[in-house]
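The values are calculated or read from the model by the stated rules, or taken from the named source; none is laboratory data. Treat the numbers as computed from the prediction; the structure is a model and nothing was measured. Note that we place each Cβ from the backbone using ideal geometry, even for glycine, and neighbour counts take in every protein chain shown.
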């Protein structure tokens, strides 16, 4: 499995493309600049199969409708944020002067943790709430990487002052779900550069 990180939108949220040997791909968190995302897909000659959302804050979903319509593919989100796509107050877009974001409902819902098969892609879903109530992380064990959304960053953690945020819950999610992964696991966060589990165990000041 291969991956590509593409920062998009006004706050540079990371959109990830994850693809297999057949060039089928997952699009994770299309947070803006749909043309930039489509250009990356075209350059890599990929065939999108589904859109996965780590959570539904506006900076991770702003290009959702354009990308969904471009490829006619299903959208997956955790059931705890089923209403967030439709509600600018919940997804945070009405709190910032960056444009209101309102999307159509998701097509599929994550309801529990565990090993999943989505359009031929196998991964483990971890519920990692705290930044938001429906935040999830996608762990690709065979390829040693986890897409952590806005839970865990390089040297930092997600903010918890937006609707549904809970600092204590976030720390619990990180320590019990993410830091238990192998030390060499690459962490692909929702913003900024990638890191590793060991790097964050040893040096992240928020996790001491």
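Taken over the stretch 152-181, the criterion of being outside any helix (DSSP H, G or I) and touching a residue at least 40 places away in the same chain (Cβ under 8 Å) is satisfied by 152, 153, 154, 155, 156, 157, 162, 163, 164, 181. Checked against the criteria, residue 101 does not count as over 16 Å from residue 20 (Cα atoms) and touching a strand residue (DSSP E or B) at 6+ places or on another chain (Cβ under 8 Å). Within the stretch 64-98, the set of residues being out of contact with any strand residue (DSSP E or B) (no Cβ under 7 Å at 6 or more places or on another chain) and in contact (Cβ under 8 Å) with a residue 40 or more places away in the chain comprises 80, 81, 84, 89, 90, 92, 95, 98. Please name all residue pairs, on different chains or six or more residues apart, with Cβ atoms under 7 Å, provided the first residue is in the stretch 4-26 and is over 21 Å from residue 186 (Cα atoms) and the second residue is part of a strand (DSSP E or B) and modelled with pLDDT of 95 or more. From the stretch 4-26, the pairs are 23/47; 24/47; 24/49.
Quick one: would you say residue 36 is on the phi > 0 side of the Ramachandran plot, surrounded by fewer than 23 Cβ atoms within 10 Å (Cβ to Cβ), in contact with a strand residue (DSSP E or B) (Cβ under 7 Å, 6 or more places away or on another chain) and at pLDDT 95 or above? Here the answer is no, as residue 36 does not meet what is asked.
Yes or no, residue by residue, for (1) surrounded by fewer than 22 Cβ atoms within 10 Å (Cβ to Cβ); (2) touching a residue at least 60 places away in the same chain (Cβ under 8 Å):
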| site | (1), (2) |
| --- | --- |
| 115 | yes, no |
| 119 | yes, yes |
| 137 | no, yes |
| 149 | no, yes |
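Right, residue 86: at pLDDT 95 or above and over 16 Å from the mean Cα position of the chain (by Cα) or not? It is true that residue 86 is at pLDDT 95 or above and over 16 Å from the mean Cα position of the chain (by Cα). Can you pull out every residue in the stretch 76-91 that is in contact with a helix residue (DSSP H, G or I) (Cβ under 6 Å, 6 or more places away or on another chain) and closer than 14 Å to residue 29 by Cβ? Listed by number, the residues that qualify are 84, 91. Being in contact (Cβ under 8 Å) with a residue 60 or more places away in the chain, in contact with a strand residue (DSSP E or B) (Cβ under 6 Å, 6 or more places away or on another chain) and more than 25 Å from residue 164 (Cα to Cα) is a property that residue 52 lacks. One residue stands out in the stretch 142-189 among those that are in contact with a helix residue (DSSP H, G or I) (Cβ under 9 Å, 6 or more places away or on another chain) and on the phi > 0 side of the Ramachandran plot: the one that is modelled with the lowest pLDDT, namely 164.
Can you confirm whether residue 47 is over 22 Å from residue 188 (Cα atoms) and more than 17 Å from the chain's Cα centre (by Cα)? Answer is no for this residue.
Go through the stretch 3-26 and count every residue that is more than 16 Å from the chain's Cα centre (by Cα) and not in a loop (DSSP other than H, G, I, E, B). Here the count works out to 1. Test residue 184 against the stated conditions and say whether it is surrounded by fewer than 15 Cβ atoms within 10 Å (Cβ to Cβ), touching a residue at least 24 places away in the same chain (Cβ under 8 Å) and in a loop (DSSP other than H, G, I, E, B). The answer is yes for residue 184.
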